[in-house]
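The values are calculated or read from the model by the stated rules, or taken from the named source; none is laboratory data. Only a predicted model underlies this, so the values are computations on that prediction, with no experimental measurement involved. When we count neighbours, we look across all protein chains shown, and the Cβ atoms used for this are built from the backbone with ideal geometry, even at glycine. The area values use the complete protein model at the heavy-atom level, side chains included, leaving out ligands, DNA and RNA. Shrake-Rupley method; radii C 1.70, N 1.55, O 1.52, S 1.80 Å.
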Amino acid sequence: MRKKILTTKTKNNFYLPGEEINVQREDMFINWDNKQQSGYLAKGRIMFGIACCACAYILVAFRLLDTCVLPNLAETDDVTGLYTGGEVKKRADIIDVNGAIVATSLPTKDLDANAKNILSPRETALKLTEIFPDLSFDEVYKKLKRKRGTYTIKRNLSPHQQSLVIALGNPGLEFRKSEKRIYPHKNLLAHVTGMTDIDNNGVSGIEKGMEERITTSEIPVRLSLDIGVQDTIRTILKQNMEKYHALSAAAVLMNTQTSEVVAMVSLPDFDPNNVGKEDTKALFNTATSRVYEPGSVLKVFNAAMALESGKIKLSEKFDATEPMRLKYNTIYDYRGENRWLSLEEVLIYSSNIGSARIALQAGFSEQYNFLKKIKFFDRLDTEIVETARPLVPPFNKWKISDSTVATIGYGYGISVSPLHLAAAYSAVVNGGIYHNPTFLAKEKNDDGYRVLSDNTSKQMRKLVRSVVTEGSGKRANITGYEVGGKTGTANKLDENGKYGKKKVRTTFMAAFPISDPKYTLVVMFDEPKAIKETFGFTTSGWNAVPTGGEIISAIAPQLNIPANYDLEEKINNRIIEAAFGM
């Protein structure tokens with residue numbers, strides 16, 4: 001019989017009011033079964049574990065909300081989001097090589113609306129859209145009538161706009177400190193400086209490529225570019241792009257000895273202060289982002305490679321009497337001489353046949369290794385992020401295919417950008433030292449490495465000078481400045497992947513003065529059209545070359561390059577002057 005656990009005084013088995021119940025604690029759990037006790041303990045532990053897991057999940061959910069949602073609500077670029085505060089991002093100025101400001105920041109105000117303090121949301125929305133016609137009344141009104149939260153209404157107000165808002169006298173309209181990035185020269189350096197977004201973050205050009213440097217230091221970023229020279233080149237290039245009805249154009253001027261970019265123009269361009277939807281194509285940087293088959297300008301690198309290998313001599317001649325037949329294709333000359341040509345004549349007459357024979361004689365290994373040295377396989381590592389990686393054949397195809405080696409020898413089968421060409425050509429003529437291109441003014445010039453011997457470089461300077469004095473580059477033979485260069489005209493692929501004859505890209509690659517090169521210039525036109533002045537021709541010698549000559553004539557005095565009139569040029573000038581004087 002179970003013992004009594006509860007005992008007390010009773011009368012007739014009833015408790016009387018006020019009588020206490022005496023609990024005998026020592027006897028309470030005596031008869032509990034051990035298994036039943038273990039079950040209760042296990043259930044308690046399980047419930048405790050579940051409670052801990054639930055707490056952990058709740059903490060994770062709150063953390064995700066804090067990390068992913070609230071920051072996005074903290075700053076917004078229009079009235080569609082809630083604003084809860086944020087710091088103004090400071091950016092250092094960007095200046096050109098002479099100290100002229102090309103990008104700076106001005107203090108401005110952003111307009112916020114504290115919805116709960118707005119008086120008459122409909123009337124306020126109407127007045128705000130009158131001050132700011134680009135705002136949507138429906139969107140503004142939708143936010144203001146909620147009566148909760150703070151919303152960004154308009155960024156970067158002008159002082160006049162601020163005064164108009166203040167005149168409304170609405171306590172719910174608040175101003176917040178901000179900064180606006182300004183580009184005083186508008187389109188001039190658009191593809192170099194790039195631009196920032198509405199939150200003052202760099203999104204292209206130097207602004208993006210040097211974001212950390214610009215936002216962590218107040219010291220201005222000093223470029224290697226000269227805005228005076230940049231303006232001259234852009235003006236001439238734009239005029240000629242319109243003259244030849246080209247789709248786009250690019251020009252790169254580089255210090256031959258250091259590979260510092262002195263000017264870079266890509267057309268069409270845009271105003272980074274005010275970028276609209278219509279500027280989509282203009283945002284593309286043709287000078288650094290467009291890789292294309294440059295055509296005969298590659299014959300310069302083919303000749304330099306062959307001379308450096310020792311397998312080709314300057315005095316050697318090559319059979320160009322008839323088309324060159326390979327396994328899968330036949331190589332022709334555009335306007336063939338139909339005879340044996342020296343290395344110099346191969347460049348002067350831009351012989352595809354001669355260049356292909358040179359490449360095959362030197363061999364794929366020499367060609368491959370040299371092009372790799374001059375960065376024709378690599379994306380250029382510069383301060384501008386919009387640089388493209390070249391398109392090159394697979395190594396195996398290169399190794400086993402004579403057609404690949406021959407084709408690259410005269411300018412097809414590999415695609416590079418104008419910036420690639422400028423840096424590589426500088427190395428060919430500056431004594432054989434390759435420097436990585438840069439848009440910053442250098443303090444030291446110690447980053448180069450040798451790709452050619454000094455002797456090969458001297459030989460190449462003589463060869464490219466002959467192209468301008470006797471070959472297809474004659475229209476760039478500027479009196480006094482000894483230009484040395486190479487022309488290139490490449491057919492474009494059509495929709496079917498075949499080379500058409502009507503659409504071309506033309507390039508002129510030059511250095512001056514070639515006896516002691518100071519500057520390298522690359523000019524490129526995409527799909528120039530034939531005009532009356534060019535007698536129906538669209539080749540480089542009729543558009544890119546005269547444009548390059550015009551640019552060199554204009555910028556040489558700006559660059560303090562003295563004219564060097566040799567005796568022969570003086571004699572020719574005197575004869576011409578005498579003829580006009582008669």
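In this structure, the residue pairs whose Cα-Cα separation is over 24 Å, taken from LYS89/LYS281; LYS281/LYS474; LYS299/LYS399, are LYS89/LYS281; LYS281/LYS474. Ligands, DNA and RNA left out, the accessible area of the stretch 430-513 computed with a 1.4 Å probe is 45% carbon and sulfur. What separates the Cα centres of the stretch 535-551 and the stretch 216-239 is a distance of 25 Å. Comparing Cα centroids, the stretch 443-509 and the stretch 322-355 end up 17 angstrom apart.
Here the peptides 421-431, 527-537, 352-362, 216-226 are ranked by packing, the mean other Cβ count within 10 Å, and the order with the highest first is 421-431, 352-362, 216-226, 527-537. In a fully extended conformation the segment linking LEU326 and ARG222 would gain 32.2 nm over its present Cα-Cα distance, using 0.36 nm per residue.
Convert 4 °C to kelvin, take the viscosity as 1.567 mPa s, use the Kirkwood radius over C-alpha pairs of the stretch 414-462 as Rh, and evaluate the Stokes-Einstein diffusion coefficient in µm²/s, rounded to a whole number.
Taking Rh from Cα pairs, D becomes 112 µm²/s.
Between the C-alpha center of the stretch 116-138 and that of the stretch 143-199 there is a gap of 15 Å. For the stretch 128-264, with all protein chains in place and a probe radius of 1.4 Å, 50% of the accessible heavy-atom surface sits on carbon or sulfur. With the cut-off at under 15 Å, measuring from each backbone N in the stretch 122-158 to a point 7 Å along the Cα-to-Cβ line of ALA167 picks out 127-133, 158. Ordering 191-197, 99-105 by mean Cβ neighbour count within 10 Å, with the highest value first, yields 191-197, 99-105.
Per residue, the solvent-accessible area of the stretch 361-413 (1.4 Å probe, heavy atoms of protein chains only, all protein chains present) comes to 47 Å². Ranked by the mean number of other Cβ atoms within 10 Å of their residues, highest first, the peptides 332-339, 505-512, 208-215 fall in the order 505-512, 208-215, 332-339. If a/c stays under 1.5 just call it rounded; otherwise compare a/b with b/c (prolate if a/b is bigger, oblate if not). Do that for the stretch 425-574, with a ≥ b ≥ c from the square roots of the Cα gyration tensor eigenvalues. Verdict is oblate for the stretch 425-574. The residues of the stretch 180-321 present an accessible area of 38 Å² per residue when probed at 1.4 Å with all protein chains retained. Heavy-atom accessible surface of ASP231, to the nearest 10 Å², is about 80 Å², with a 1.4 Å probe and all protein chains retained.
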